[in-house]
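Okay, structure first, notes after.
The values are calculated or read from the model by the stated rules, or taken from the named source; none is laboratory data. Quick caveat: nothing in here was measured; it's all calculated off a predicted structure. Because the Cβ atoms are built from the backbone with ideal geometry, glycine has one as well, and the counts that use them run over all protein chains shown.
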Amino acid sequence: MSESNVQRPRFGLRSFRAKFVLVVGSAVLFDLLVTGGLALWNVQRLSRDATTEVGQGLQKANEDYMLTYAESTAARVDLLIGQVHADVATLAGVLQAQIDRPVRRSEIGEALARHAPESVTVAYDPKGGWAQNLPGPLSSVSVWSYLLGPDHRPLPEVQTDIENSAVLDLVAPALLAHGRSKLQMYYVGPKERPILRMAPYADQARTFDRLYPGHNEANFWNFFFPGLYESWEGWAKDPSLRPVSADTTQTAPYTDAATGKLIVSFFQPLWTRDRKGVAGAAGTDITLDQLAEVVESVKVGGSGFGFLAMSDGNVLAINGVGEKVIGLQRSSETGSQGVTGLNRSLRQSVQPAIAQLPLGADGAIQRVLLDEDGEKVPYLILLKQLEPENFWVSGPVRRETMSLGIVVPEREIYASLFAAQAGISEAANRILIYQALALLASLLFVITAVFGISKRVTRGISALAGAATRIEAKDYSVRVPISTRDEVGEAGIAFNRMAEEISYHTENLENLVTERTKQLEDANHQISALNTQLRSENLRLGAELAVARQIQMMVLPKAGELEEISDVEIAAYMRPADEVGGDYYDVLRDGERLKIGIGDVTGHGLESGVLMLMVQSVARALQEAGDMHPSQFLNRVNRAIYKNIVRTNTDKHLSLAFLDYDGARLTLSGQHEELIVVRNLGNVERIDTLDLGLPIGLEPDISPFVATRDINFGHGDMIILHTDGVTEAENRNGELFGIERLCESARRHYGQSAEDVKTGIIDDLMAHIGTQKIHDDITLVVMRHR
């Protein structure tokens, strides 16, 4: 064939190659553009969603942090005030005992008069018109002019009060030296004889003359604390008139006459023997610095701060920077008589947002705008209310709920949020740039590849097209001749193989489709049934565990029950390792008799929790039936539990011990962990219970094994009951907390209230455990003889 007769392939607009390049290139180009556009859109959406999720998470975390910080700080303030309440209640208890027992009161007064005459002998001051003992004794006693006779000596009944009140010299030094730091403690007589005895000694009458002219001619209570005494008298007639169910009354901050410091006074009224009248008051003072110290230590973010405010908006404590930020104006408020107070109110703030701040929003985070150098700066403010108090300002005693405020600039608390959002935005922009560059590179590669292979592909495409036409006509015998070994040749081989498979499957397709469809339907039905059953079982099990845990926690002794016990403080802690625990403790009361039980069921979880509830129910039933004898009580509990264990076919049992206390004697029975007794000066005694019983539920009759042991339990003694979840708790090195650490923790916290001892031991235990998983139920019971 001559060269002139050879037809060369053309690349015209109508040629197959041109159409191939146009169609394939356009399709690939469209696919790349759609895929790339979707990728870019997804990156932007992911960036936006990530920013939103991170923002919500960090905002929630920051708000939770602020709330937790406020709650812990409020608890510290409540604890400080509660400790002061305890100190003044101790002093009031001693003085009230004097009043309730006149014979003993007279004997103590006469003894103090004989051995410390300087404490009960007063000298008349002609200039002031009052009488006061000379320096030297532990306390000073001041007698006002209207309590002196014509000879300038105290009236007889006043002299008796002077001698009886000298008991303050015996009690006040110890109270001042221990517990919360107190400025002074004092006794004020009844309204008809309001002598003032104060420890430590201070030249109080002369100081009063200088600061409060005219006080010596007016009744002490009416002049300094108008309305306070009358409120107490109303309480004596009708106890329901107390704003808060406690006797202790707190005053607003005022300037102390003796020291010149801003102080807060805490009074507890003393009652007449018949409890129908007021017989004076015991009191103590703390400086406002002690409350301010807790509040001013608040540090949230870089410049966050705290403040303590009364319900009327008067701010009691705040640091100097915070005072400026929220625009407070300080002024002293002095009445025509009585004490001088502090006035620094939120309602008079130069910041409008602070002046309108709702103080009743307990636990809510509020966003306000504050003026700073002509700009509106956003701040977050969280208010947490403290425990309510009986409060006196001027007039009748009222209920007061102070609020702790946390103030922090929004830019600081959300600094991590802004940084995270900026980082996500920067990363998203970088991904977008890389994606765009990758898309451009892909486009160039596809265009080049399409032009490069289009020529080779078109040679065999016609053969493939013709064969495909025959396949369409159901001629499955067609085969494509293979003339090349390139990709088109491979397509031809694949086409031929496909034609053979189509020929084979066409004959069997209907049967295969029917069989496979039935198999899929059966499998789908089985999966749906299993999923439904699994969901039902999970819901049932979760509900059962939740109900069991709620029932278990409901039967534990309530705080109100424990507070009713007069001469024993009891505090308890229980934490199950699973949803339902196997530890048991209970406090059963029958008149003045107490039965305190503690036990540990083997294992933990639902079965152990149910067995614990059985023990509680049986013990309660026996106590209600009046069966409180230690040995018989324990044996009957075992007999009932043993029968239930046999019926339920379980292999559980428990260690169980009881303490019986009738106000004079403490008896221990039953086998459990060692009992710890901490006595005066922190001496620790460990009592083994191995020989006092047998595990409950092993034998139908354990009476031969049950024994009792009497334990000395006097004033100030403390008893620790625990389960093995305490001593066998591990730290990350596998070390057990152990009985020695428990004894040392109890000894270190000795002298505090039962609640504080319990909290201290649990804090030591949790510090030992750290981040380790708790594998066993933890139960701790602290008993303290008042």
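Observations on the structure shown:
- Selected residue (only one of GLY189, GLY227 is in contact with a Gly (Cβ under 7 Å, 6 or more places away or on another chain), of a type in the set (Gly, Ala, Ser), under 23 Å from LEU170 (Cβ atoms) and touching a residue at least 24 places away in the same chain (Cβ under 8 Å)): GLY189
- GLY179 at pLDDT below 90, out of contact with any strand residue (DSSP E or B) (no Cβ under 7 Å at 6 or more places or on another chain) and small (Gly, Ala, Ser): yes
- Residue count for region 715-746 under the criterion of being touching a residue at least 60 places away in the same chain (Cβ under 8 Å), surrounded by 16 or more Cβ atoms within 10 Å (Cβ to Cβ) and not β-branched (Val, Ile, Thr): the result is 9.
- Failed condition for GLN623, given (1) at pLDDT 90 or above; (2) in contact with a strand residue (DSSP E or B) (Cβ under 6 Å, 6 or more places away or on another chain): (1)
- Filter result for TYR146 (within 25 Å of TRP232 (Cβ to Cβ) and buried (at least 20 other Cβ atoms within 10 Å of the Cβ)): no
- Every condition in (1) out of contact with any Ser or Thr (no Cβ under 8 Å at 6 or more places or on another chain); (2) modelled with pLDDT under 95 is met by ARG732 except one, and the failing one is (1).
- From the options VAL393, VAL397, VAL450, VAL446, residue that is at pLDDT 90 or above, buried (at least 16 other Cβ atoms within 10 Å of the Cβ) and either hydrophobic (A, V, I, L, M, F, W, C) or farther than 30 Å from TYR229 by Cα (or both): VAL397
- Of the residues making up region 346-377, those that are part of a loop (DSSP other than H, G, I, E, B), over 25 Å from THR401 (Cβ atoms) and either touching a helix residue (DSSP H, G or I) at 6+ places or on another chain (Cβ under 9 Å) or not charged (D, E, K, R) (or both) are VAL350, GLY374.
- Residue check for ARG686: among the basic types (Lys, Arg), in the same structural domain as LEU780 (by TED's automatic domain parsing) and closer than 27 Å to ALA640 by Cβ: no
- A search for C-beta distances below 8 Å between a residue of region 67-78 that is in the same structural domain as ARG180 (by TED's automatic domain parsing) and without any contact (Cβ under 8 Å) to a residue 60 or more places away in the chain and any residue that is of a type in the set (Phe, Trp, Tyr) and loosely packed, with under 15 Cβ neighbours inside 10 Å, counting only pairs 6+ apart in sequence or on different chains, returns nothing.
- Meets criteria (at pLDDT 80 or above and either surrounded by 10 or more Cβ atoms within 10 Å (Cβ to Cβ) or under 34 Å from the mean Cα position of the chain (by Cα) (or both)) for VAL555: no
- Qualifying residue in region 242-249 (condition: in contact with a Lys or Arg (Cβ under 9 Å, 6 or more places away or on another chain), of a type in the set (S, T, N, Q) and surrounded by fewer than 19 Cβ atoms within 10 Å (Cβ to Cβ)): no
- Of note, ASN644 does not satisfy the criterion of being surrounded by fewer than 20 Cβ atoms within 10 Å (Cβ to Cβ) and either outside the structural domain of ASP701 (by TED's automatic domain parsing) or more than 39 Å from the chain's Cα centre (by Cα) (or both).
- Any hit, region 749-766, residues being exposed (fewer than 14 other Cβ atoms within 10 Å of the Cβ) and in a loop (DSSP other than H, G, I, E, B): no
- Unmet criterion (only one of (1) buried (at least 18 other Cβ atoms within 10 Å of the Cβ); (2) under 19 Å from TYR585 (Cα atoms)) for VAL678: (2)
- Subset of region 168-213 [within 24 Å of PRO102 (Cα to Cα), out of contact with any Leu (no Cβ under 7 Å at 6 or more places or on another chain) and not small (Gly, Ala, Ser)]: LEU168, LEU170, PRO190, LYS191, GLU192, PRO194, LEU196, MET198
- Any hit, region 617-632, residues being assigned by TED's automatic domain parsing to the domain that holds GLY751, over 36 Å from the mean Cα position of the chain (by Cα), surrounded by 14 or more Cβ atoms within 10 Å (Cβ to Cβ) and closer than 20 Å to MET783 by Cα: yes
- Test: residue in region 113-120 that is surrounded by fewer than 21 Cβ atoms within 10 Å (Cβ to Cβ), of a type in the set (S, T, N, Q) and more than 48 Å from the chain's Cα centre (by Cα): no
- Scanning region 591-612 for residues that are in contact with a helix residue (DSSP H, G or I) (Cβ under 9 Å, 6 or more places away or on another chain) and within 15 Å of ALA664 (Cα to Cα) yields one hit, LYS595.
- Some residue of region 196-211 being more than 20 Å from ASP125 (Cα to Cα) and in contact with a helix residue (DSSP H, G or I) (Cβ under 8 Å, 6 or more places away or on another chain): yes
- One residue alone among LEU342, LEU380 is modelled with pLDDT under 85, in a strand (DSSP E or B) and touching a strand residue (DSSP E or B) at 6+ places or on another chain (Cβ under 7 Å), and that residue is LEU342.
- Residue within region 651-660 that is crowded, with 21+ Cβ neighbours inside 10 Å, among the aromatic types (Phe, Trp, Tyr), at pLDDT 90 or above and out of contact with any Pro (no Cβ under 7 Å at 6 or more places or on another chain) present: no
- Residue check, GLN132 of a type outside the set (D, E, K, R) and touching a strand residue (DSSP E or B) at 6+ places or on another chain (Cβ under 6 Å): yes
- Scanning region 227-272 for residues that are farther than 22 Å from LEU91 by Cα and in a strand (DSSP E or B) gives TYR254, THR255, LEU262.
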